Amino acid sequence: MFLSFGGPEGPDDVMPFLENVTRGRGVPRARLEEVAEHYHHFGGVSPINELNRAMIIAIDAELRSRGRDLPIYFGNRNWTPFAAEAVQRMHDDGHARALVFPTSAWGGYSGCRQYHEDIAGALGETGLGAEMLLRKLPQYWSEPGFTAAGVAAVRRARAELGEGPARLVFTAHSIPTAADAAAGTSGPDGGRLYSRQVAQASARVAAALGIDDYDVVWQSRSGPPQVPWLEPDICDHLRDLAARGTERVIVFPIGFVSDHLEVVWDLDAEARELAAELELGYVRADTVGTDPEFIAMAADLIERYVSGGGDLDALGCGDNGQVCRAGCCELPARRGH
């Protein structure tokens, strides 16, 4: 099962989709309407579902080239096709065991544990928890194929920008600093699992490119301004680079497997327009999703675990959405709870 976030595929989908994303979080209606305008700027369509389908086709072709005929089912957290629909279809087609490939390379609550919750929720909704085994594949930010796809993306962007010095800026989705601090506290490094992984993955790509000096920044923060999130924000960083005399930048969204609204709006609209105002040469590197190296990496992961093999300790979590190890990918406790 290919498990992703989901996105609207037409103007009428936008507000119901946003209500699904924010359900239970108390986000004001005015804020939803503001974000909805970002989607309507692109015709009410997020590119994520189309790109996910392209990735599924590519993974299927790669597996078939290796002699693996494995059906792939597509499920989302927040929009059709929903994860429960995919689970029901798998069961109806006679499948009782499935690997789950998530479109997140990372640890932390939103990067990992929430996908386990999606699996548990889909099995609960369908009532198939006793009849099926769903095993989520491990975090893959450190896989060589992930690094290689990132290197290729930056090289393509470099060629687009042309000769001359350029600053390499990696970006990933920001999260509250408290949520980052709570992730990975059971490990030897004591928290900040997500931001450490993003930093390490960025370092791997930069090293492969022979770049010693680069930046890791964040984007797409939301929520009340009094809540601290990972910083600096990409737009604030572009202002700082311009003030320091930087003339050209390559922005690589390493935190995202494929384009979706937060990539195309935050980087291709807001950041690009700001760069033009600052007279910065600007190019945004591709996300890795359909790069052949990334597709081969996904197939490698599937082959590693498809017959019940692989390092099960690397999974870090149980099957069927069983929760992570204590202190691994938890949300911080809320005040008053």
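Where a number appears in this text, it was derived from the coordinates with a stated rule and is not lab data. For clarity, every value in this text was computed on a predicted model and none was experimentally measured. Heads up, the Cβs are rebuilt from the backbone with ideal geometry, glycines too, and the neighbour counts pull from every protein chain shown.
If you find the alpha carbon centre of the stretch 254-290 and of the stretch 82-138, how far apart are they in angstrom? Taking the Cα centre of the stretch 82-138 as reference, the centre of the stretch 254-290 is 31 Å away. In terms of its alpha-carbon gyration tensor, the stretch 144-284 comes out oblate; a/c meets the 1.5 threshold, while b/c is at least as large as a/b.
In terms of the Cα gyration tensor, with a ≥ b ≥ c the square roots of its eigenvalues, is the stretch 41-102 rounded because a/c is under 1.5, prolate because a/b exceeds b/c, or oblate? Because a/c hits 1.5 or more and a/b fails to exceed b/c, the stretch 41-102 counts as oblate.
Sequence-distant contacts, meaning Cα pairs under 8 Å at least 6 residues apart, place the relative contact order of the stretch 144-284 at 33 percent. Could you list the GluC sites (Glu not before Pro) in the stretch 127-216 that lie in coil according to DSSP, counting only those with at most 13 other Cβ atoms within 10 Å of their Cβ? Hits after loop and neighbour filter: 131, 163. Express in % the proportion of alpha carbon pairs of the stretch 114-213 at distances exceeding 15 Å. Value for the stretch 114-213 (Cα pairs over 15 Å): 73 percent. For the chain, the antiparallel share of DSSP beta bridges with both residues in that region comes to about 15%.
Fewest neighbouring Cβ atoms within 10 Å first, the residues 211, 295 line up as 211, 295. Under a Gaussian network description of the chain, with springs only between Cα atoms under 10 Å, the residue in 20, 320, 52 that fluctuates furthest is 20. Take every DSSP beta bridge whose two residues both sit in the stretch 144-284; close to 5 percent of them are antiparallel. Distance from the C-alpha centroid of the stretch 189-219 to that of the stretch 33-48: 30 Å, rounded to the whole angstrom. Counted by neighbouring Cβ atoms within 10 Å, the residues 19, 85 run from fewest to most as 19, 85. As a length-normalised measure over Cα pairs under 8 Å and 6 or more apart, the relative contact order of the chain settles at 24 percent. When the convex hull of its Cα atoms is viewed from all sides, the stretch 202-244 shows a mean projected area of 4.0 nm².
Per residue, the Cα convex hull of the chain amounts to 150 Å³. Put in line by how crowded their Cβ is, counting other Cβ atoms within 10 Å and starting with the fewest, 270, 279 read 279, 270.
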